[in-house]
Amino acid sequence: MRKFVAIYMLVIASFFIFSGQASLASEADPQAEVKPEQEIVVRAKVLKVSEGQELPEAMDGWTQGKEQLVTVKVLSGTFAGEEIKLSHVIPDQPGLGVVVKPGDEVVLSIQVEGNTITSAFVSDHARDKKLYYLAGLFAVLMVLIGRMKGLKSVFSLILTGVGIFYVLLPMLFKGHSPILATVLLATVMTTITMVLVHGLNYKTLAGIIGTTCGVVVAGLLALLIGKAAYLTGFSSEEMQMLLYIPQKIAFDYQGLLFAGMIIGALGAVMDVSISIASAIEEIKRVNPLLGTKDLFRSGMNVGGDIMGTMANTLILAYTGGAIPLILIFMAYEMPYLKMINLDLIATEIVRALTGSIGLIMAIPITSMVAGLLFNRVKRKSAVDSE
């Protein structure tokens, strides 16, 4: 039985991975026309910075900012090792200017014609190495503190990233149903993650069933309420930009919105489900005489303690991202009736509450499934002893 389940999961995982790779491969155009003049993006190091002239005033009283004369050394690509002198403009608008100093690593956009650099400009700071250091620290701490389970957790996180970027996103890019694809991938990735970290046992099975049911509830609720509330899916600039991509894909924008809600709730629901299943397993180990009803009651008690903090976690996470927007509403004294009915605000409220409801529903489902499964262990042991 266990071998069959393991092989079944491996086949499903392989199918999703290979289908994702095929989706990516189908999007590539091997006969893409090579333009005579093209833009390449490389890493560069700032060698020298000197102040240039103050730029003149632009329209409506805005100033264009100031100019820096920058010398950079290309660190990657065909032109690695070459030094380039360029004019770098820093706009007056906060957040738009990239202020550089000697020693900084930057992302350099270069216009190339043949083998000659025609122009170059600094597009942003090179932040990727810092992100890799942070990710490495995270992985090391996981392994040091969690040991083998920590290592398995890191590996499962990598698999989750592979599933999202090489399976889910290519499927969405090809126009597949966002909700169906997301629920299927969430189920598969939950199964793989829990089996990898916790092994193949009743605790894992209860956690998988509880997580899947909670995520499905959150997805269905988001779909129903979202359509009833006329959520368009265009509450973010990124979603609006999808209308103008060159591939001209007819996305299901509401579906993409609801798929994002499902992914956002998945981690918290998974955490709650496996926590309850682990607690019931431990309770059953300490007192093997407890029946399904007692185990269910114990799971609900544990779930009640978890529920408050985890629901707060979801809602606070979404609220934290909306603080600048809320401050804007306060500054312009927007009426509450207008604010609460904005597509953007309604979307975030639905996102937070549907995820929290999915988390809440995972508690009784996991408690019931775990109670039934672990009570089966007791009955099976009693039969074997006879």
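Here are the numbers for this structure:
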| quantity | calculated |
| --- | --- |
| Across Lys48/Lys130; Lys85/Lys248; Lys73/Lys152, pairs whose alpha-carbon gap is larger than 32 Å | Lys85/Lys248; Lys73/Lys152 |
| Nearest-10 value in Å² for the accessible area of Phe173, using the 1.4 Å probe | 70 Å² |
| Net charge dipole size for the stretch 134-251 [Lys, Arg +1 and Asp, Glu -1 on Cβ; Debye, nearest 20] | 320 debye |
| His176 accessible area, assembled protein chains, probe 1.4 Å, Å² | 90 Å² |
| Computed label-point distance, nm, for sites Ser119 and Ile145 using a 7 Å Cα→Cβ extension | 5.0 nm |
| For the stretch 165-243: rounded, prolate or oblate by the Cα gyration tensor [a/c cutoff 1.5] | oblate |
| Order of exposure, largest accessible area first, which applies to Ile365, Ile110 with probe 1.4 Å | Ile365, Ile110 |
| Against the rule of thumb 2.2 N^0.38 Å, how large the Cα Rg of the stretch 98-172 comes out | 1.68 |
| Residue-count net charge about Ala277 - beta-carbon cut-off 12 Å; Lys, Arg +1, Asp, Glu -1 | -1 |
| Computed over the stretch 98-232: relative contact order in percent, which uses C-alpha pairs under 8 Å that are six or more apart | 15 percent |
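The values are calculated or read from the model by the stated rules, or taken from the named source; none is laboratory data. Keep in mind the model is a prediction, meaning the values are calculated, not measured. Cβ atoms come from the backbone with ideal geometry, glycine included; neighbour counts cover every protein chain shown. Ligands, DNA and RNA are stripped out before the accessible areas are found, and what is left, the full protein with its side chains, is counted by its heavy atoms. Shrake-Rupley method; radii C 1.70, N 1.55, O 1.52, S 1.80 Å.
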